[in-house]
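> So that we are looking at the same thing, I have put the structure below in structure tokens.
Just so it is clear, none of the values below were taken in a lab; they were calculated from the coordinates. Just so it is clear, the structure is predicted and the values come from calculations on it, not from any experiment. Note: ideal-geometry Cβ built from the backbone for every residue, glycine included; neighbour counts use all protein chains shown.
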């Protein structure tokens, strides 16, 4: 009798495990989308799946980007990628890394990177020539290893979540730092 109970218990565990596995969505391995000079970065972003990597080869790209899904957008290792335009991060879990982000010459009222999503990482970028370098609305944003240069306001934190001491410690600024909070106070 105990053998039947043990067999029934083992069978019940296997059935429960099979049902659980069937309910869990398939997790595909992240794909890497290589962007060559002359390609449109936004097209690659649009075609990518959440979790993918957009890897940009050396060159200058003139376009505005909207990252509306969890992606990593980064320069190919060791390559200088100049994005003349802006980036809007409209999704959670995005990483923007190792880009030179420059304003067009007539961008007096433009923001370099606008972060609307949460759990976003902005790392190792040069952000220069904007009215606002980085505008943070979402929470849990990591701003590390960036250089902000020649921006009228370096960082706006409308989330109220940024630790000013960490921002100052972990990033480089070319001149006096102007950081505006959620109340519009400098």
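> Specify whether the C-alpha gyration tensor of the stretch 31-141 places it in the rounded, prolate or oblate class, a ≥ b ≥ c being the square roots of the eigenvalues: rounded for a/c under 1.5, otherwise prolate if a/b is larger than b/c and oblate if not.
The shape class here is oblate.
> Spin-label point model (7 Å from Cα, Cβ direction): what's the residue 58 to residue 131 distance in nm?
3.5
> In addition: For the stretch 49-105, just say rounded, prolate or oblate: build the C-alpha gyration tensor, square-root its eigenvalues into a ≥ b ≥ c, call rounded for a/c under 1.5, and beyond that prolate if a/b exceeds b/c, oblate if not.
Because a/c hits 1.5 or more and a/b fails to exceed b/c, the stretch 49-105 counts as oblate.
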